[in-house]
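Any read-out appearing in this document is the output of simple, stated calculations on the displayed coordinates, not a laboratory observation. Just so you know, these numbers come straight off a predicted model, no measurement behind them. Here Cβ is always computed from backbone atoms with ideal geometry, including for glycine, and neighbour counts include all displayed protein chains.
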Amino acid sequence: MSIKPVFQVLPHSIRDVIQSLPASVLERLEEVRVRQGRPLEIITFKQSWFVSRFAHLSKKPYEAMIPGKEDCLNLLNLISNHSLYTMDEELRQGYVTVEGGHRIGLVGKVVLEGGRVKHLRDITGFNVRIARQVVGVADPLIPCLFGNAKVENVLIISPPQCGKTTLIRDLARHVSRGSQSIPAYKVGIVDERSEIAGCVAGVPQHDVGPRTDVLDGCPKAEGMMMLIRSMSPDVLVVDEIGRKADSEAIHEAIYAGVHLFATVHGQSVREITRRPVLRELFQEKVFTRLVLLSRRRGPGTVEGIYNQFIERLDNKVGRMGTIC
Amino acid sequence: MLKLLGAVLIILTTSWIGFQLATEFRMRPRQIQELRSSLALLKTEIDYGTRPLAEACDRIAEAAGSSLSQLFQKFSRNLRTLDGKSTYECLRLAIESEWRKTAMGKEEKGIILKLCQVLGGSNRSDQLHHLEIAAENLLMEEQKARVEQEKYEKMIKTFGILSGVLLVILMY
């Protein structure tokens with residue numbers, strides 16, 4: 001995935017600094033954090049650094065470049081394509097997806113109306129998150145997840161930033177494209193936070209497969225029902241389930257004969273099975289494959305693959321190790 | 001004979017200068033009015049169309065008269081091509097290069113530059129509010145320009161012809 005669109009939204013003052021970072025750092029760059037009047041920070045795999053005006057990395061904040069008001073205003077102009085008024089909805093959500101599927105989180109002063117977030121103004125904090133599409137991360141898991149040429153209902157359990165979205169995207173692409181062992185299926189993605197497909201103006205920026213339809217920015221429960229009715233998918237893909245409405249929609253989908261790939265935030269399988277909303281789904285053995293991720297050996301470390309009886313499967317096929 | 005030809009040439013030249021200056025006075029209120037309707041169009045684009053600024057400027061350029069059309073075309077081009085520059089900088093550069101081609105003065109320029117500082121940088125209702133203020137200020141300038149037109153347009157035309165006549169008389 002190209003990092004170039006990220007440079008294009010940075011004002012020259014910051015872009016020049018980031019661009020002059022060594023290639024080894026750029027390759028592992030995960031986040032660029034810009035805060036008005038405070039040191040410029042970057043985050044690479046497991047480490048954070050302050051960046052000086054001469055692109056030196058340091059742990060000391062006082063050596064770093066301090067982006068000013070002008071820089072922040074300019075950054076906001078570039079992110080919004082000079083048209084912040086087209087992004088009222090995005091500002092309410094607190095993030096903007098730019099070309100390439102990269103995501104920029106925003107903080108500032110929240111304007112409330114009737115107790116609900118109406119708008120974000122005086123935006124002074126930016127978190128540029130670099131999306132890394134890793135084609136093929138799911139490949140080693142495929143024999144385990146689709147053993148008998150049949151699509152299983154997969155739940156990916158993972159703490160934040162362990163590669164669950166990357167994995168689910170690759171799974172969607174894999175199923176959508178088909179392979180020697182499995183036929184190509186119609187895939188529907190409900191992308192509530194524009195993370196899986198990273199749509200800009202409705203067009204997926206990530207490769208999600210040739211037979212995939214994306215419902216961008218739609219609440220999951222509603223979106224699942226919409227997709228089932230409108231696009232008749234064989235497989236539904238949703239990120240971060242956990243609300244009551246989600247579980248109801250999942251039931252509906254399963255009854256409609258649609259398969260499901262979902263992710264959920266969590267540290268262990270045991271913890272997930274105890275959650276009130278998910279407990280019911282587990283009792284009914286809805287998910288037939290569970291994948292537990294961690295960051296132990298880098299993002300995307302597979303800790304284990306389980307079946308609906310919470311029996312570990314991957315011991316039989318040997319360790320997966322790091323999938324990223 | 002040669003003298004007569006010279007005299008006619010002098011009168012023609014000064015009259016032409018007078019008419020040119022008078023045209024400026026006549027065009028100014030008309031262009032301010034055009035600018036106001038362009039801003040009204042921009043308001044619609046922002047409110048109902050929610051089009052990006054560059055695209056909205058393109059559409060306005062299509063609808064506007066020639067000199068304003070160039071200004072809005074330049075807005076759009078700068079917004080699309082000036083990589084890494086802020087919105088205000090893109091718009092300001094366009095105004096600096098295109099304003100001279102219009103008949104409008106520095107008061108209108110000031111109003112538009114002030115508007116450009118906020119254009120594209122806030123939410124919809126705020127944008128509409130700023131556009132309204134700019135339109136109101138432009139209306140005031142337009143009225144002033146009309147008064148000036150009535151006062152000076154004819155006078156300058158006559159002054160052009162008469163100054164030519166005066167020069168000829170002095171020369172004879």
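Between amide H atoms placed 1.01 Å from N, distances below 5 Å from residue B:122 occur with A:84, A:85, all of them 5 or more places distant or on a separate chain. Backbone geometry of the stretch B:48-62 corresponds, through the Karplus equation with coefficients 6.51, -1.76 and 1.60 at θ = phi - 60°, to 3J(HN,Hα) couplings of 9, x, 5, 8, x, 4, 4, 5, 4, 5, 4, 5, 5, 4, 5 Hz, x marking Gly and Pro. For the stretch A:139-317, the pair-distance distribution built from all alpha carbon pairs, in bins 5 Å wide starting at 0, is 1, 9, 19, 23, 23, 17, 7, 2, 0 percent. At q = 0.17, 0.19, 0.23, 0.25 Å⁻¹, work out log10 I(q)/I(0) for the stretch A:84-131 with the Debye formula, treating every Cα as an identical point scatterer and leaving solvent out; two decimals please. Reported log10 I(q)/I(0), two decimals: -0.48, -0.59, -0.81, -0.91.
Highest GNM mean-square fluctuation among A:141, A:73, A:260, for chain A modelled with Cα contacts below 10 Å: A:73.
Coupling constants for the stretch B:128-140 follow from the phi torsions by the Karplus curve (6.51 cos²θ - 1.76 cosθ + 1.60, θ = phi - 60°), and in residue order they are 5, 4, 5, 5, 5, 4, 4, 5, 5, 4, 5, 4, 4 Hz; glycine and proline get x.
Taking only alpha carbon atoms, the stretch B:75-172 gives an Rg to Rh ratio of 1.22, where Rh is the Kirkwood radius. Across the protein assembly as shown, the convex hull enclosing all Cα atoms gives 208 Å³ per residue.
Of all DSSP bridge pairs formed entirely within chain A, close to 60 percent run antiparallel. Relative to the longest principal axis of the Cα atoms of chain A, helix A:220-231 runs at roughly 60 degrees. Axis of helix A:69-79 versus longest Cα principal axis of chain A: the two differ by about 40°, to the nearest ten degrees.
Most tightly packed first, judged by the mean number of other beta-carbon atoms within 10 Å of their residues, the peptides B:116-122, A:92-98, A:294-300 read B:116-122, A:92-98, A:294-300. Per-residue Karplus couplings for the stretch A:114-126, computed as 6.51 cos²θ - 1.76 cosθ + 1.60 with θ equal to phi - 60°, are listed in order as x, x, 10, 5, 9, 6, 10, 10, 6, 6, 10, x, 10 Hz, Gly and Pro entered as x. The angle separating the long axis of helix B:106-118 from the principal Cα axis of greatest extent in chain B is about 10 degrees.
With neighbours defined as other Cβ atoms within 10 Å of a residue's Cβ, the residues A:311, A:284, B:34 order from fewest to most as A:311, A:284, B:34.
Whole-percent P(r), the stretch A:197-244, all Cα pairs, 5 Å bins from 0: 5, 18, 30, 28, 16, 3, 0. Each semi-axis of the equivalent ellipsoid for chain B is √(5λ) with λ an eigenvalue of the Cα gyration tensor; in descending order they amount to 42, 17, 12 Å. The Cβ shell under 11 Å around residue A:92 holds other residues with a net charge of -2, Lys and Arg each +1, Asp and Glu each -1. Across the options A:80, A:141, A:2, the greatest Cα extent toward the positive end of the charge dipole of chain A (unit charges at beta carbon of Lys, Arg, Asp, Glu) belongs to A:141. Exposure proxy shown here: for A:199, B:57, B:90, the number of other Cβ atoms within 10 Å sets the order, fewest to most, as A:199, B:90, B:57.
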